[in-house]
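The values are calculated or read from the model by the stated rules, or taken from the named source; none is laboratory data. Note that this is a predicted model, so its numbers are computed, not measured. Reconstructed Cβ throughout: ideal geometry from the backbone, glycine too, with neighbour counts over all protein chains shown.
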Amino acid sequence: MKKPVNNKKSNNIEKDIPEKVILKTELTKQQREEIKEVFDSIDTDNSGFLEINELISAVNSLGLDNNSNEISRIMTSLDLNKDGKVSFDEFISLINVQLVSLSLNID
Ligand SMILES: [Ca+2]
C-alpha cells in the first residue's frame, strides 16, 4: 500500500516551531505607553536614553540588588548598537524578551 503522494507540501513553517517561540511580542499601544512611562521615569535627565547611572538608580529605587557589575552586564546586553546608552527601542526589546521568558515560565 502506497500512501498517496502529497506534493502540496504545506508552507506552514510555523507549525514546526513551538508556539511559544513564535509568540508575537507585539505590544499593544497601551503596553507601549506603559513602558514609555517606565522608561521616562528611569531617564531622569530626559535625554531620551538610559545611561548606566540612571539604570543603577532605577535598580536602587526598586530595592533590587545593585551590583554594578550585573547592571553593566545588563546594560551591555541592552545596548544593541553599543553606543553606551539604551534607547527606547532597545528598552522595549528587553521587555519583549522578558515577556517571552515569562510566558515560557508560566507554562
Ligand atoms: Ca538619560
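Annotations for the structure displayed:
- Whichever residue in the stretch 39-65 is surrounded by fewer than 17 Cβ atoms within 10 Å (Cβ to Cβ), of a type in the set (Gly, Ala, Ser) and at pLDDT 85 or above and, among such residues, is nearest to the ligand (Cβ to nearest atom): 47
- For residue 96, the conditions (1) among the polar types (S, T, N, Q); (2) surrounded by 13 or more Cβ atoms within 10 Å (Cβ to Cβ); (3) not in a helix (DSSP H, G or I) all hold with the exception of (3).
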